[in-house]
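A short write-up of the structure that comes next.
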Amino acid sequence: MEEKKLNVKWNGHACFEISGSRRIIIDPFLEGNPVAQKKKEDVQADVIVVTHGHGDHVGDALFIAKKNKAPIVTMVELAWLLKEKEESLEIHDINFSGSVNINGVKITAVPALHSSSYDGKYAGNPGGMIIEMDGRTLYHAGDTGVFMDMELIGKMYKPEIALLPIGGHYTMSPAEAARAVEMIHPKVAIPMHYNTFPPIQQNPEVFKTLVESGSKAKVHVMKVGQNLDL
Ligand code: NI
Ligand code: MN
């Protein structure tokens, strides 16, 4: 079967737009994001995926969902909290190993070693998300520390593309993220969640060097606003 291209666009921090037969936006933190160039008004999305409740991940999800009449997919307790805010929205709640299928896009929640709150309230568990579209599989790790079950995530879902936080302080730094790549075995790893704010300053080339000296994965260090066909 001919592989369809996925277009991956990075809007800085943990926000990616993935376009194939559908358009997906993940963790749409645009307004208030010091590095993002994209405006929330300009986002066109068929599905919005949110990994956890922190403001730098929920971002403009409610606005974008409303404007595009598009569903949000997120972890159960956060789904409830978002539904309280905006009752008219279609919000899909999933939990670890659970999936939803929306117009040919399959989204599966996997663990993330982190915390989650929204609007001052505890928001259940944070997640990572496996996204399958057009026969391709991508893993957005959300905010996470490194953990051994990444090995299982790699074996179970075989993601070709892994989007991994490297900023340290709240998540993995380059050393932990490089170890994560060894466990996940993606073809391509893309660093995220760094150089947005002072506590998460990192040199992504350190991550690239660590990964490419130890595994076959290729690291794409993206510029904010850049598009990649993968
Ligand atoms: Ni977080
Ligand atoms: Mn974060």
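Just check the range 1-155 against the gyration tensor rule for me: Cα atoms, a ≥ b ≥ c as the square roots of the eigenvalues, rounded for a/c under 1.5, and otherwise prolate or oblate depending on whether a/b exceeds b/c. Don't skip to the answer; put the middle values down first.
Working: a/c = 1.36, a/b = 1.07, b/c = 1.27.
Note, shape of the range 1-155 comes out rounded.
Spin-label point model (7 Å from Cα, Cβ direction): what's the LYS67 to GLN226 distance in nm?
2.6
Build a GNM of the chain with springs between Cα atoms under 10 Å: which of LEU164, LEU89, LEU138 gets the top mean-square fluctuation?
LEU89
Hey, any idea what % of the range 7-222's accessible area is carbon plus sulfur with a 1.4 Å probe?
Here it works out to 50 percent.
What is the calculated FRET efficiency for GLN44 to PHE197, with r their C-beta to C-beta distance and R₀ = 25 Å, to the nearest 0.05? Let's see the in-between values first.
Values: r = 27 Å, r/R0 = 1.09.
E(calc), rounded to 0.05, equals 0.35.
Only Lys, Arg, Asp and Glu count, each charged at its Cβ (+1, +1, -1, -1), so figure out the dipole size of the chain about its Cα centre, rounded to 20 debye.
Roughly 460 debye, rounded to the nearest 20.
Quick one: how many Å² of SER99 are accessible to a 1.4 Å probe, rounded to 10?
Rounded to the nearest 10, the figure is 50 Å².
Please compute the net charge surrounding LYS83, taking Lys and Arg as +1 and Asp and Glu as -1 over other residues with Cβ under 14 Å from its Cβ. Intermediate results must be reported in sequence, preceding the final value.
Details: positive: LYS66, LYS85, LYS121; negative: GLU77, GLU84, GLU86, GLU87, GLU90, ASP93, ASP119.
With Lys, Arg at +1 and Asp, Glu at -1, the neighbours total -4.
May I ask you to give the solvent-accessible area per residue for the range 7-222, in square angstrom, as obtained with a 1.4 angstrom probe?
Heavy-atom SASA per residue in the range 7-222 reads 41 Å².
If the chain between LYS121 and LYS218 were fully stretched, how many nm would it gain, using 0.36 nm times the residue separation less the Cα-Cα distance?
31.0 nm
Can you check what the net charge comes to around PRO159, using other residues whose Cβ is under 10 Å from the Cβ of PRO159 (Lys, Arg +1; Asp, Glu -1)? Spell out each step's value before the answer.
Numbers: positive: ARG136, LYS158, LYS187; negative: GLU132, GLU160.
Its environment carries a net charge of +1.
Between GLY135, GLY98, ILE48, whose Cα lies farthest towards the positive end of the dipole of the chain when Lys and Arg beta carbons carry +1 and Asp and Glu beta carbons carry -1, centred on the Cα centre?
It is GLY135.
What is the local net charge at TRP10, summed over the other residues whose Cβ is closer than 14 Å to its Cβ (Lys, Arg +1; Asp, Glu -1)?
Its environment carries a net charge of 0.
The values are calculated or read from the model by the stated rules, or taken from the named source; none is laboratory data. Everything quoted here is computed from the prediction, not taken from an experiment. Cβ sites come from the backbone with ideal geometry, for glycine too, and all protein chains shown count toward neighbours. Surface accessibility is based on the protein's heavy atoms, side chains included, excluding ligands, DNA and RNA. Shrake-Rupley method; radii C 1.70, N 1.55, O 1.52, S 1.80 Å.
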